[in-house]
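The values are calculated or read from the model by the stated rules, or taken from the named source; none is laboratory data. Just so you know, these numbers come straight off a predicted model, no measurement behind them. Here Cβ is always computed from backbone atoms with ideal geometry, including for glycine, and neighbour counts include all displayed protein chains. The area values use the complete protein model at the heavy-atom level, side chains included, leaving out ligands, DNA and RNA. Shrake-Rupley method; radii C 1.70, N 1.55, O 1.52, S 1.80 Å.
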Amino acid sequence: MDDIEVPQYFVCPISLQIMQDPVTAITGITYDRDSIEHWLFQSKNTTCPVTKQPLPRDSELTPNHTLRRLIQAWCTENASYGIDRIPTPKPPLDKAQVLKLLKDFWNPKLQLKIIRKIEFLATKSEGNRKYLVDAGVAKAMLLFIANRCYKEGLVDGLEEALSILHFVRISSEELSLLFMENDQIIDSLTWVFGCKLQNQISVSTHAVLVLKSIIQKATSSVLETLNPDFFKKLVGVLRNGVTQQGTNAALHIMLDACPWGRNRIKMVDAGAVYQLIELEFEAPEKKITELIFGILFHLCSCADGRAQFVSHKGGIFVVSNRLLKVSPSADDRVVLILSLICKYSGTNMVLQEMLEVGAVYRLCTLLQVDCAPYLKDKARQILRSHYEEWKKCPCLGISLHPR
């Protein structure tokens, strides 16, 4: 193939490869379908890559059949040079086809066949996903899962429905209407965590990712009325294990729910504090640690949360041990957590533990390094408030004498 020159107008301006399914945008430039759809839908661009003119995502991409036939003929003629033949692409999906599938979807005899076809379409291309979104596929999948909720043995199709929802997201407007139509949507997704499926880790990961997307779009009235079982099942996901992506999503959900005091109490009652500490002991990646500390800070703002924190033999150690080792954001949470513990739960036993596990030393170290002034002030405040208990500690040469 290196010995033959490819006509320039056969090459996609984005991928710089021979086009297999050339389509012409409203700006008059022809691209390979996969490349321009990825440019528009995945990368969220709104201009033509070549002309820089406006190119809305919902604009028409017209198949260039003449150019495709020329490319196919040229590939056939040059097959001896190692050029692969370009197959004729299947006609692209349109909204009418999706609506027909959804109309037949509620026929129990056709349901599994259709849901598998929709999953195939969702994984195929960005253009397909656009039509699936426009036709309301996300709502149909959420209702499908809700209709199966708590019905023993009705698990066929759950994996495919969650896979589709991973690709096809529901809008905030649709979600608000759906909550009014069916109040089991969130409960049905947490129900999936307890289903016994062959690919349970993968299914639970998809379920928690969908849940994260929904929680981020949910209104305050939904978030402040999440039931205790919701948090028990979410903590159970962290305990039983999912993929790193699933863990990240579960932690985001918990953090998004933290601003409401009732939710914090429900999380504490569900054993979240203990599980978060255990998770941090696994030395997760930076982002996971930041999320864990963000949640622990909120949970330590209530008495029961602090009680659980100090009752865990490794709580103070694992939190203080991350100081100056993860990120400025993590440092902020660490110091604030220790401040809450010292201020409201600073018994002699707790203060002695802080000394023994090196928390006091690390707070002293914070005063000597380049970090945000407010963090130094907070650390100094902690050290001053318990100076009498810690004054005999040499702190490896760093004086604890308050200024």
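Observations, loosely collected:
- Of the options (i) 1.11; (ii) 1.02; (iii) 0.96, only one is Rg/Rh (Cα atoms, Kirkwood Rh) as computed from these coordinates, and that is (i).
- Order by protection proxy (mean Cβ within 10 Å, highest first), peptides 306-313, 59-66, 332-339: 332-339, 306-313, 59-66
- DSSP-assigned coil residues among GluC sites (Glu not before Pro) in region 247-335, each with at most 13 further Cβ atoms within 10 Å: E282, E285
- C-alpha long axis of helix 158-167 to longest principal axis of the chain, angle in °: 90
- Region 194-270 and region 316-337 have Cα centres spaced 24 Å apart.
- Relative contact order, percent, the chain [alpha-carbon distance under 8 Å, six or more residues apart]: 8
- Computed [θ] at 222 nm, helices only, for the chain once each DSSP H run of length n ≥ 4 contributes -39500 (n - 2.57): -17500 deg cm²/dmol
- Mean accessible surface per residue for region 1-81, computed with a 1.4 Å probe while every protein chain stays in place, in Å²: 60
- Residue list for region 53-72, given a label point 7 angstrom along the Cα-to-Cβ vector of N45 and an amide N cut-off under 18 Å: 53-62
- Neighbour cut-off at most 13 other Cβ (10 Å), DSSP loop, trypsin sites (Lys or Arg not before Pro), region 91-172: K109, K151
- Relative contact order [Cα under 8 Å, 6+ residues apart], region 91-219, whole percent: 24
- Helix 328-345 vs. the chain, principal-axis angle (Cα, 0 to 90°, nearest 10): 40
- Given charges at Cβ of Lys, Arg, Asp, Glu: the chain dipole, positive-most of N78, H252, Q275: Q275
- In loop segments of region 1-93 as defined by DSSP, the trypsin sites (Lys or Arg not before Pro) with at most 16 further C-beta atoms inside 10 Å of their C-beta are K44, K52, R57, R85.
- Rounded to the nearest 10 degrees, the angle from helix 373-385 to the longest Cα principal axis of the chain is 30 degrees.
- Segments 292-299, 203-210 sorted - mean Cβ within 10 Å per residue, highest first: 203-210, 292-299
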